[in-house]
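First up is the structure itself, then whatever we jot down about it.
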Amino acid sequence: MTVSEARPGARTARLPRDERRAQLLQAAQEVFVANGYHGAAMDEIAETARVSKPVLYQHFPSKRELFLALLESHLSVLTDMLLGAIDSTSDNKLRVQAVMRAYFEFMAGDDQAHRLVFESGLTNDEEVSDRLETFNRTFADAVARVIAEDTKLPLLEAQLLGRGLAGMAQVSARYWLETDGKLDLDVASDLIYRLAWRGISRFPKES
């Protein structure tokens with residue numbers, strides 16, 4: 001049962017701080033996904049969580065703080081998924097395949113976390129853009145190290161390719177969502193993996 005499905009009028013039990021924080025983040029997730037950042041209200045988040053506004057403000061002083069906490073959490077999950085894919089094998093072809101699938105799986109998540117990460121409308125917010133850049137740099141640099149080792153390209157060139165691969169994964173996975181299930185996840189991620197691998201694998205190694 002989700003937070004918003006709790007029995008109307010039910011009193012909220014006293015929870016440990018970490019559990020309460022998780023409950024509030026889940027409620028905020030529901031409201032942000034349903035209404036967008038600008039359409040979300042702290043009143044509605046408190047109501048969805050079945051807590052008073054003072055309790056909500058004890059944990060998160062503002063709607064922005066709530067959003068940033070959710071963004072951090074989702075970016076951490078996505079980063080772990082992508083780095084885990086890179087570390088899952090020493091075969092670079094399989095690495096590219098695993099990375100693409102991880103990106104598509106994140107986008108397909110039932111919690112619609114991708115909407116908060118990539119569609120919040122807050123990309124001009126300095127703290128939001130800083131967090132997104134940290135994520136993009138971490139992922140691209142991890143890919144670049146593998147590319148540089150395999151192709152013997154200079155690190156700066158490999159980093160550019162890493163950014164390109166990251167952009168390909170993100171844009172294609174977001175577009176795939178718009179097909180509303182008309183294209184199977186395995187088929188879609190495999191198409192992008194093959195496109196990416198055929199490009200990267202052609203870079204010559206140092207003789």
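The values are calculated or read from the model by the stated rules, or taken from the named source; none is laboratory data. What you see is a predicted model; the values in this text were computed from it and never measured. Ideal geometry is used to build each Cβ from the backbone, glycine not excepted, and the neighbour counts take in all protein chains shown. Note: areas computed on protein heavy atoms with side chains; ligands, DNA, RNA excluded. Shrake-Rupley method; radii C 1.70, N 1.55, O 1.52, S 1.80 Å.
If you take the square roots of the eigenvalues of the alpha-carbon gyration tensor of the stretch 86-207 and sort them as a ≥ b ≥ c, do you get rounded (a/c under 1.5), prolate (a/b over b/c) or oblate?
oblate
Give me, ordered by chain and number, the residues 5 or more places off ASP111 or on other chains with an amide H under 5 Å from its own placed amide H.
It is none; the list stays empty.
What's the FRET efficiency of ARG131 with ALA108 using the Cβ-Cβ distance as r and R₀ = 35 Å, to the nearest 0.05?
It comes to 0.95.
Within the stretch 170-188, which residues have the backbone N less than 18 Å from the label spot 7 Å out from THR123 along Cα→beta-carbon, could you tell me?
Hits in the stretch 170-188 for THR123 at 18 Å: 170-178.
Relative to the present Cα-Cα distance, how much length would full extension add between LEU191 and GLN58 at 0.36 nm per residue of separation?
Here the answer is 43.1 nm.
Rounded, prolate or oblate: which one fits the stretch 129-183, using the alpha carbon gyration tensor with axes a ≥ b ≥ c (rounded when a/c is under 1.5, else prolate when a/b beats b/c, else oblate)?
oblate
Which angle from 0 to 90°, rounded to the nearest 10, does the C-alpha axis of helix 17-39 make with the longest principal axis of the chain?
On a 0 to 90 degree scale, this one is about 80.
Roughly how big is the chain's charge dipole about its Cα centre, with Cβ charges of +1 (Lys, Arg) and -1 (Asp, Glu), in debye to the nearest 20?
It works out to roughly 160 debye.
Apply the Karplus curve 6.51 cos²θ - 1.76 cosθ + 1.60, θ = phi - 60°, to the phi angles in the stretch 176-181 and return the couplings in whole Hz, x for Gly and Pro.
Calculated HN-Hα couplings, in order: 4, 4, 6, 7, 6, x Hz.
In the chain, what is the count of Lys pairs whose alpha carbons are under 26 Å apart, counting only pairs at least 8 residues apart or on separate chains?
4
In nm, to one decimal, how far is the modelled label at ASP91 from the one at LEU15, with both set 7 Å along Cα→Cβ?
4.3
By per-residue mean of other Cβ atoms within 10 Å, what is the highest-first order of 17-26, 112-121?
So the peptides 17-26, 112-121, ranked by packing, come out 112-121, 17-26.
Obtain the nm distance between the two label points defined at SER76 and ASP141 by a simple spin-label model: each point lies 7 Å from its Cα along the Cα-to-C-beta direction.
Output for this residue pair reads 1.9 nm.
Calculate one ³J(HN,Hα) per residue across the stretch 101-106 by plugging θ = phi - 60° into the Karplus curve 6.51 cos²θ - 1.76 cosθ + 1.60, and present them in order as whole Hz with x for glycine and proline.
5, 4, 4, 5, 5, 4
Angle, helix 185-200 long axis vs. longest principal axis of the chain, Cα atoms, 0 to 90°, nearest 10?
The helix 185-200 is inclined about 40 degrees to the chain.
What part of the accessible area of the chain, given as a whole %, is carbon or sulfur when the probe is 1.4 angstrom?
In the chain, the share of accessible area belonging to carbon and sulfur is 50 percent.
Please work out the average accessible area per residue across the stretch 104-207, using the 1.4 Å probe convention, and give it in Å².
59
Let me know the charge dipole size of the stretch 111-197 about its Cα centre in debye, to the nearest 20, where only the beta-carbon of Lys, Arg (+1) and Asp, Glu (-1) is charged.
Here the stretch 111-197 has a charge dipole of around 280 debye.
Based on the alpha carbon coordinates of the chain, what radius of gyration and maximum Cα-Cα distance (Dmax) apply, in Å?
My reading of the Cα-based Rg and Dmax gives 19.9, 72 Å.
What are the ³J(HN,Hα) couplings of the stretch 76-82, residue after residue, when phi is run through the Karplus curve with 6.51, -1.76, 1.60 and θ = phi - 60°? Round to Hz, x for glycine and proline.
5, 4, 5, 4, 4, 4, 6
Towards the positive end of the charge dipole of the stretch 59-153, with charges on Cβ (+1 Lys, Arg; -1 Asp, Glu), say which of ALA102, ALA142, SER90 has the farthest Cα.
Selected residue: SER90.
Just from its helices, what would the mean residue ellipticity at 222 nm be for the chain, if runs of 4 or more DSSP H residues each count -39500 (n - 2.57) and the sum is divided by every residue, rounded to the nearest 500 deg cm²/dmol?
-24000 deg cm²/dmol
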